[in-house]
Each structure stands twice: as C-alpha cells, then as structure tokens.
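Notes follow the structure.
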Amino acid sequence: MASINLIASASYVLHSIKASSKSSDHSKDGFPLRNKNLFRMNARGNLRKLTIANVANDVPVVSQPSLGKETLGDQNHVAWTSVRQHRWHGELVVEGETPDWLNGSYLRNGPGLWHVGDHNFGHLFDGYAMVVKLQFENGRIIAGHRQIESEAYKAAMKHNKLIYREFSEVPKADNFPSYIGELAGLFSGASLTDNANTGVFKLGDGRVICLTETQKGSIIIDPTTLETLGKFEYTDSVGGQLQSAHPIVTDTEFLTVLPDLINSRYLVVRMERGSNERKVIGRVECQGGPKPGWVHSFAITEHYIVVPEMPLRYSVKNILKAELGPLYAFEWLPESKGFVHVMCKASGKIVASVEVPLYMTFHFINAYEETDEDGRVVAVIADCCEHYGDTTILEKLRLQNLRSFAGQDVLPDARIGRFTIPLDGSPYGKLETALDPNEHGRGIDICNINPAFLGKRYRFAYACGAQRPCNFPNALTKVDLVEKKAKNWHEDGVVPSDPFFIARPGATEEDDGVVISMISEKNGGGYALLLDGSTFEEIARAKFPYGLPYGFHGCWIPKK
Ligand SMILES: CC(=O)/C=C/C=C(C)/C=C/C1=C(C)CCCC1(C)C
Ligand SMILES: CC(/C=C/C=O)=C\C=C\C=O
Ligand SMILES: [Fe+2]
C-alpha cells in the first residue's frame, strides 16, 4: 500500500490556472461548474487537463435553511457532528489510482443533521438523512452530498423544532389535546417519521430509493443530483406501518419483512421489478411474545427466507410513553426467548421454526443451504453481526456517548454469530462464533459481501471492526470464514463506514474487486477510501473538502 501511495502522490501535479469558460457553465448533471482548470499527472506520467467543479478547500455554500446550533462535547469527532451545509457537489482530487473498470456511483445514506434549531438529538439513529455520492468516471471521482427532503426534515426546518417521532425522540406536546393527537397519530402512522436515513437501494428498474423502518420513510431520489423526487408509494393493501430497513434487492425483485404488531407476526412480501405493489409470500407467527422481535434485517438462501425473532421486541407500552425508555421503542424479554424461522420462498410455508440462544443483532451478513451427500438440504446456515445477546450497544450509540470518547475502551464485544437451523423438524438451532473475534478486534457490524454470493455458500465478509481501545467500530475488516482469519485496515482517529464491495467485471474469485468506504477523521477531515478486495490494501483515497458525519449503508449503481 505504502509504495502505491508514494508513487501516486509523487507523480501528482495539481495546477490551477485562470478560468477560461463562462461562469454559467454547468456540469452534465446540472450542477454549476466553478471555473478552474486542473492538471493531473497519473502514475503512468500522462498529464491530463481536468475541468473541476469544486475542489477541496473551495467550498461554495448553497442557499439553505439555517442549521441552528448544535451542542457538542470537547471530545467531539466530525463523525458525530451535523454536516456543515445541506449540500455540496464537486470533484475530488484522487491520490493513487482508481481501477479503469470502476465506472458508476457509490451512494451512501445516513444521518446528516442531529439537531433542529437548538434542540440536540439523542441517538445516532435519529439524524435527518443525508446521501453522499462518489461517482467514479475514468479515474475521476465526482462527489456530493445532499439532505433528503422528507416531510420530517422539511417540517423541522420550517418550524425549527421536531415535528415527527424519530428513533429515540418524541416531539414535545404543547398541551393535552396535542399529546392525544400525537398518540392517535401513532396508530395511523401520521406522527411517525419518514426520515429515510438508513439505506439506499437501486431497484431493478433503475429507481433509487432511500429507506428507514417506517413504511412511509421510503423516498425516491435522483442518483445523480441526489434531489428528493418524492415518496415511494406502495400501491398494495398490505398495510402496517413498519418495515425492515434492509430489503433484499436484486435486478428482479425486492423482498422484505414487515413486523405486524397487532397480530404478533411478520409478513414476508415481494415486489417485482418495475412494480410498487408488494405481494405477501407468507406469514411467520411469533413463537415468543407478546410482540414481534425487532427486525432491522433478515437473510435469504437460494430457496428460503430466514426471519429472525429476537428477544429484543417492539414494545407498544414503550412506544406509548411520552419519554421513550432506555431501549426506545423496544424491550428486552429474555423469557420470551429467541427464534429463527425459515420460510420457503416459493410456497410461503414455514419449513423450520427453531429456538436459539438469546441473540442481539442489527445485521445479517448472508445465509446458505447445507446439503448432505445426496444433495438434500439438511440445514440453513445464517450469519450475523451478533452482540452476545446484549443490548448495551444501543445505549453506546447515543450521541452523548459517541461524543465523549476519552481513550477508554467501551465498545461492547461483538462477533460473527453463525446460526445452524436444522430442517429435520428439531425444535432447536445452534448459534456459534464463526471465528475468533480477536481477529477483528471483538467489534463487528455494518457488513457486506460480494453480491454474486447472496444466498450462497460464501467465504468473505467486509465489515467495520475494532482497533481497541475505542467506543465505536474504528477499523475495516475483511473476514475469511474458511481460513477463520481477518485482514484489518485502521488509521489513528478514524471512523470508517460501510465497507462496500464491488466485483471486477469478469472476476472469477469471490474477493476480486474493490472495497469503498468513507472515512471521517479526528482532525475534522474526511476522505473516500478504496481498498483492494483481495489484499485489503489501499489503492486510492480522495479527500472531501470537509469531514462528513457517519453514515450507515450504501449501494452501487453501475454506469449504463
Ligand atoms: C437508523 C436505524 O438503524 C434505525 C432506524 C429506526 C427507526 C427510524 C425507527 C422508528 C420507529 C418509530 C419512529 C416509532 C416506533 C417504531 C420504530 C420503528 C422504532
Ligand atoms: C452502527 C451500528 C452498530 C455499531 C456497532 O458496533 C448499527 C447501525 C445500524 C443501522 O443501520
Ligand atoms: Fe442497518
């Protein structure tokens, strides 16, 4: 890595000369261009003239609502600070070289603003959504970020206060009737947020949608300008208010799980490419009670859908409180036990519902079918980032805790938990640790795989890991589930996000490709990082004009 970097930076010439084009020039995607000519020499010694929109340290402030004031601790990191402005767009200077074949856009969604006026949000999951773009084009990186204009965000900007319920925040009722109104709005969904801050997905028909766990928080954006185009309206009558934040999206379909708090079950639904209509594949009746477990994500194999039922359950009692409890809308009910269900994708029939040890996960990594020597499927294997059946991680993700890191190691341990779910009718499944968690610093979350291995036996997972002491995953890790080893990337003071794998076209090896991550630095800076998917060494980095807040999940939109 060091040698690649040295060559690249030594041969890098950046030269700005007087503007020659008119000030009204616009880039292909409609953004105004700043008049700058830049020359860049690549590692092969070719000098190339670039017309650059906005480069690092040259940041125009666009017209935007006031950001108000955010109260920060003295140990604050840019990863936990609201973004400096609502939007920006420009070209980044690349150190190193991006592969010739990497043409397309990486989009990443996550929180951008954690305060409204002078009110500070409490939790990492509360922030108003911001999408970041890295558009790779013939060795160049055009970047940008923009707030998503959800109803929740627009209302907060207009009234300078919280109007809708966020993950950990309930708007203060001014009087008793407004308290009753808020409660009624919970049942109709009217008072729930549509702040689509968790994931971003390219649907098979090309539409790009941002999501959160409320169904109304499904918003279509323009992947080039990042402009909010409107709500994604489900045209079916499936009903309910909630959804998993992690649908499984392929070129042909969109599969997701909807928790049903009234009937204590989950609906598994499919929406075909080009459609807005979800159809029910099947239902999973909860085995424990009184309500379904939190279903942030789930997994699939080639023939099955793996639906988790965690003992961390939705709690109507907590949701109805004016002040949410320590686990927000959820409660930890160990006596209600933990289960995993397996549904046949084709028929919707449940083929296994097994009790497993208590578990706590946000993210499933992948799942696959285990066959015997005659090729019969005997078990389903499902892997997740598992927090040892402990919900403390939710408390650690409070902004106050993230902002007060003073060197003590406080990140709770996490591992890759591997479920084995037998399909022979036995009532119990296994949960084991897939590899020594010290390999990834006993921290692991926000995981990705090579999408060609979705639902299939696979070997590699990319995730955020830990270099202790830390209070949050501060490393990137490539886990080899066969060799039971990990390769790690870390630099002092970094907060990396969503290591996203993109396969090289024509690749035959699972890890032949690149991994993209956006890094927030302790000095307030930030950069896009490219690692080699196989060696896990740095190929390139490109600095943003300023560091961005932490983000959750991304997607890849290949160039047409
Ligand atoms: C960012 C992330 O991982 C999770 C976000 C979850 C959200 C926004 C949950 C929202 C909810 C409400 C607004 C009301 C009660 C239910 C619940 C789904 C927790
Ligand atoms: C950032 C996170 C967990 C970190 C644990 O170590 C979870 C994010 C969930 C939302 O997508
Ligand atoms: Fe997630």
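The values are calculated or read from the model by the stated rules, or taken from the named source; none is laboratory data. Here the structure is a predicted model, which is why all the values come from computation and not from measurement. Cβ placement follows ideal geometry from the backbone for every residue including glycine, while neighbour counts extend to all protein chains displayed. These accessible areas exclude ligands, DNA and RNA; they are computed on the full protein's heavy atoms, side chains included. Shrake-Rupley method; radii C 1.70, N 1.55, O 1.52, S 1.80 Å.
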Of all residues in segment 86-138, which are of a type in the set (Gly, Ala, Ser), in contact with a Pro (Cβ under 9 Å, 6 or more places away or on another chain) and in a strand (DSSP E or B)?
GLY90, GLY104, SER105, GLY110, GLY112, ALA129
Residue by residue through segment 511-540, note down the ones that are over 22 Å from the mean Cα position of the chain (by Cα) and part of a loop (DSSP other than H, G, I, E, B).
ASP512, ASN523, SER534, THR535, GLU537
Give segment 480-501 a look and list any residue that's open to solvent by 10 Å² or more (accessible area, probe 1.4 Å) and under 20 Å from LEU102 (Cα atoms), or say none.
PHE500
Counting only residues in segment 539-553 that are touching a Leu at 6+ places or on another chain (Cβ under 6 Å) and of a type in the set (Gly, Ala, Ser), the one farthest from ligand 1 (Cβ to nearest atom) is identified as ALA540
Looking for whichever is on the phi > 0 side of the Ramachandran plot and within 28 Å of the chain's Cα centre (by Cα) here; the options are TYR304, TYR328. Which one fits?
TYR328
Is it true that some residue in segment 285-293 is within 16 Å of ligand 3 (Cβ to nearest atom), at pLDDT 95 or above and among the small types (Gly, Ala, Ser)?
yes
Return yes when GLY293 is over 21 Å from the mean Cα position of the chain (by Cα) and over 23 Å from GLU370 (Cα atoms) and no when it is not.
no
Got at least one residue in segment 390-408 being in a loop (DSSP other than H, G, I, E, B) and free of Cβ contacts under 8 Å to residues at least 24 places away in the same chain?
no
Within segment 287-308, residues away from ligand 2 (no atom under 16 Å from the Cβ), open to solvent by less than 40 Å² (accessible area, probe 1.4 Å) and in contact (Cβ under 8 Å) with a residue 40 or more places away in the chain come out as GLY288, GLY289, ILE300, THR301, TYR304, ILE305, VAL306, VAL307
Going through segment 502-560 one residue at a time, which ones are of a type in the set (Gly, Ala, Ser), open to solvent by 10 Å² or more (accessible area, probe 1.4 Å) and within 16 Å of ligand 3 (Cβ to nearest atom)?
GLY554
Pick from segment 321-359, criterion part of a loop (DSSP other than H, G, I, E, B) and of a type in the set (Ser, Thr, Tyr), ranking: most open to solvent (accessible area, probe 1.4 Å)
SER347
State all residues of segment 159-172 that are more than 23 Å from the chain's Cα centre (by Cα) and either modelled with pLDDT of 95 or more or open to solvent by 50 Å² or more (accessible area, probe 1.4 Å) (or both); if no residue qualifies, say none.
HIS159, ASN160, LYS161, LEU162, ILE163, LYS172
Which one of PHE536, PHE472 is over 22 Å from ILE248 (Cα atoms) and within 16 Å of ligand 1 (Cβ to nearest atom)?
PHE472
